[in-house]
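Q: Have a look at this one before I ask anything.
A short reminder: the numbers here are calculations on the coordinates, not readings from a lab. Source: prediction; values computed, not measured. Glycine gets a Cβ as well: all are built from the backbone with ideal geometry, and neighbour counts include every protein chain shown.
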């Protein structure tokens, strides 16, 4: 008996009104779709028809674009979005099989509240929930949550580790079969099936139990995307799916090997942790048609928007001429460290003008923009997948809904034809469909005291 | 031209697996329905068919039943429930007209996060969201949120007032027509349509704006149920709907008159604030049949459950013989003050045994249990409604789904026949359907600076 061939995992990254920051200006774009539940749901249903593994919603609890005034901000299209757990719960009610993953921050939530919400979503969706664990990088969020500034990077990660242990401990509050609801005996649950958490750590103190039965997946799928050292270590310890922005195959292979090694070092099976970079397909029936689409999209970026964007990522460049070369080293900034390092390595090899950089970032948010025919794009996806650079992909649309329709109707059939993408959903839950580690309740029965101790000493 | 006749507002209070704490033991009960989205949704769709104005979900972020161990707790049926905003978002996707109101605490949430969630629900449901503002009364919640004890009553209300102002201020972050999304000009919103909150109060510091367009209702409907002095004042200032537990018509009339006077004193129109007590109809084709149903339900209460329940409400009575008379005055406790005062007044007139009290409370949670034929129950509801005791009712089922099916199929047609309940939904949003104050954005246009100042000085 041989193992079934490894298949590519595919997600759809539903970024507001498109991942291209100026995609909303595209003539075919529905610029207000991030504020239109029915329009959003239509895309997700179409993704389900194409057997996409899951949808993913990033999030931030703020308008996260730095700006000096409303006039300046008003040129940006990524302003409004639904709160993702609210949206995913509504989507759960109108879909059946597609996974539902969203971001929630460990810095601005309470672990008890978050554990309840994801467990509720997992119940309501029959085991399709997933949590992308982030610590939050934006000053703007801090100002909305009674803080004067963004919390220090190391403190954020320290809290994230503890927060995660509390949430997963709460998810194991009850044995899977604890709720017997025995009417005759007047016994609602088996007393030995309840496990108080009694967590007392440096940042959180949480007694439990969760006021909800254990959910179909036990633990909703965990995604994570931190590229820094502490971010990678957290991912290696907790994540089932690692999101990453990778534009260069060699760097992607290095990242892939590093993450798999960290997963193994954390005592986990590297084959059960999926590395899934983002990719934005720009699809044409010919290469020239695709390139013309890409050029049209680049022309949508207003210089004021572009200069602001790179200033946010790389330090202040707002007074520069867009035709100047990007300075090296990059100015000091609070941007995402792993992205900065990647860009510096790339610019050392291939200098680019400021305009070239902001056009590219505007379109892709640092992910791989792949322009060509369906076959050409599938070639690249297959090459990375088969050559140790990824376990699958998160598809990103430059604008909505057309950008998503393109890859759903043109690219997905090509991937299926090659036997790379699934032809139907298999398995009971998102976790089992993705071939991830199952999460039995380690606090049940005999394992209870050992596990209680493990949680008590983890911080 | 005459005004249309005043109509009774009707809500359905979806208490976990039934409002009777032992209702889950009823032979016809689906004891696990609080953990079954599709079962819950079926009841709510049936309520929508009967033109019920809204569903309401109470909440607590804990298993809120004090207990010395799991053995003791395991006899109680109100253990598990979905997180209500997650549930309501899913319900929104499968219903069209029924209002969706749930509880969220000002003590254990962040105002920015909560403002987003209710605004998202209001968008997703096309203007059907409502927020029941509570401060939380249980020690058990505090222990799940890194606190050693329940916050002091007056501090909770002080925070609630400030929290509410921040949330409503965030809901007015954008003019209704702010998002122009002008592709040609590259202008996503009108700069003058954005209003930063810049709130700095004793408990919260929130800059804004909300990262979501103003919702269909502007402000989701506000419900409130605090019966203490500070609770009534908060309700008079902010609420559109006042929930209340009332079992005695005279006391209900006093409460009604007091609340309407407080609303007027707060400068608001008393006719636009609805007083809606709970009522649990126990319906039979004859009075004797209904009484037999009630007796059967009483027999479901295990004495251990009953004694624990009244000890939680009224102080420790766990060692007493259930056949003793209730002591007066009641022991010192942290129970809901208004309920304690009402019970003391009632017991002074009519002494009851401990068992009689716990059976009644077990069934109704302190609300009006009305036992009889549909006509008899409608008589009482009509009498209170026409005699200055209420503006409508929250229907409560002793167990699910049968208890709800009874009042939906037997009582609602009787109320409609009398012209008391609506025969169809009218209006664009829950707020307009209930005849509540509309909430234009007072921060728009000329009113902006005045309103900004009002918010800045409100605390």
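Q: Where the label is 7 Å out from Cα toward Cβ, how close does residue B:68 come to the same position in every other copy, in nm, shortest first?
A: Those label-point separations list as 6.9 nm.
Q: Please compute the Kirkwood hydrodynamic radius of region B:280-320 from all pairs of different C-alpha atoms, in Å with one decimal.
A: 11.8
Q: Ok, one more. Return the percentage of antiparallel bridges among DSSP beta bridges fully within region A:101-225, rounded to the nearest 5 %.
A: 30
Q: Determine by what factor the alpha-carbon radius of gyration of region B:88-157 differs from 2.2 N^0.38 Å, reporting the quotient.
A: 1.30
Q: Starting from a Cα-only point model with no solvent, please compute log10 I(q)/I(0) by Debye for region B:4-61 at q = 0.19, 0.21, 0.25, 0.30 1/Å.
A: Ignoring solvent entirely, the Cα scatterers give -0.76, -0.89, -1.12, -1.30.
Q: Would you compute, for the Cα atoms of region A:229-329, the largest minus smallest coordinate along each principal axis and list the three values in descending order, in whole Å?
A: In descending order, the Cα extents are 50, 40, 20 Å.
Q: Measure nothing but the geometry: give the 0 to 90° angle between the long axis through the Cα atoms of B:303-314 and the longest principal axis through the Cα atoms of chain B, rounded to 10°.
A: 50
Q: Just report the Cα centroid separation between region B:124-183 and region A:353-418, whole Å.
A: For region B:124-183 versus region A:353-418, the Cα centre distance is 40 Å.
Q: Grab the eigenvalues of the alpha-carbon gyration tensor for region B:326-430, scale each by 5, take roots, and send me the semi-axes largest first in whole angstrom.
A: 32, 16, 14
Q: Still on this structure: I need the semi-axes of the equivalent ellipsoid of region A:80-123: take the C-alpha gyration tensor, multiply each eigenvalue by 5, square-root it, list largest first in whole angstrom.
A: Here the semi-axes work out to 19, 13, 8 Å.
Q: Any idea what the residue B:198 label distances to the other copies are, label 7 Å down the Cα→Cβ vector, nm, shortest first?
A: With the label placed 7 Å along Cα→Cβ, residue B:198 yields 5.1 nm.
Q: What is the average number of partner chain Cβ atoms found within 10 Å of a Cβ in B:233-240?
A: The shielding value for this peptide is 0.
Q: Place the peptides A:140-149, B:135-144 in order of packing, highest mean first, counting for every residue the other Cβ atoms within 10 Å and averaging per peptide.
A: Those peptides, ordered most packed to least, come out B:135-144, A:140-149.
Q: Another question about this same structure. Calculate the FRET efficiency for residue B:299 and residue A:424 from the Cβ-Cβ distance with a Förster distance of 51 Å, rounded to the nearest 0.05.
A: The formula returns an efficiency of 0.50 here.
Q: Further, regarding this structure: So how long is each side of region A:1-139 along the principal axes, counting just the alpha-carbon atoms, biggest first, in Å?
A: 63, 41, 29
Q: Can you run the Rg to Rh ratio on region A:313-358? Use alpha carbon positions and the Kirkwood inverse-distance Rh.
A: Looking at region A:313-358, the ratio lands at 0.92.
Q: Compute the normalised compactness of chain B: alpha-carbon radius of gyration over 2.2 N^0.38 Å, N being the residue count.
A: 0.99
Q: Nm distances between the label at residue A:269 and the same-position labels in the remaining copies, 7 Å along Cα→Cβ, shortest first?
A: With the label placed 7 Å along Cα→Cβ, residue A:269 yields 6.6 nm.
Q: Restricting to bridges with both residues inside chain B, how much of the DSSP beta-bridge set is antiparallel, in percent to the nearest 5?
A: 10
Q: Here is a follow-up. Taking the alpha-carbon centroid of each part, what is the distance from region B:11-61 to region B:200-264 in angstrom?
A: Using only Cα atoms, the two centres lie 24 Å from each other.
Q: Further, regarding this structure: Count the DSSP beta bridges whose two residues both fall in the protein assembly as shown, then state the antiparallel fraction as a percent rounded to the nearest 5.
A: Just about 10 percent of them are antiparallel.
Q: Please give the per residue volume of the convex hull enclosing the alpha carbon atoms of the protein assembly as shown, rounded to a whole number of Å³.
A: Residue-normalised Cα hull volume stands at 172 Å³.
Q: Another question about this same structure. To the nearest whole number, what is the average tally of beta carbon atoms from other chains within 10 Å of the beta carbons of peptide B:89-100?
A: Other-chain Cβ atoms within 10 Å of each residue's Cβ, averaged: 4.
Q: Now for a different question. Averaged across B:63-76, how many Cβ atoms of other chains sit within 10 Å of each residue's Cβ atom?
A: Other-chain Cβ atoms within 10 Å of each residue's Cβ, averaged: 4.
Q: Tell me the mean residue ellipticity at 222 nm calculated for chain A from its helices only (DSSP H runs of n ≥ 4, each -39500 (n - 2.57), averaged over every residue, nearest 500).
A: -11500 deg cm²/dmol
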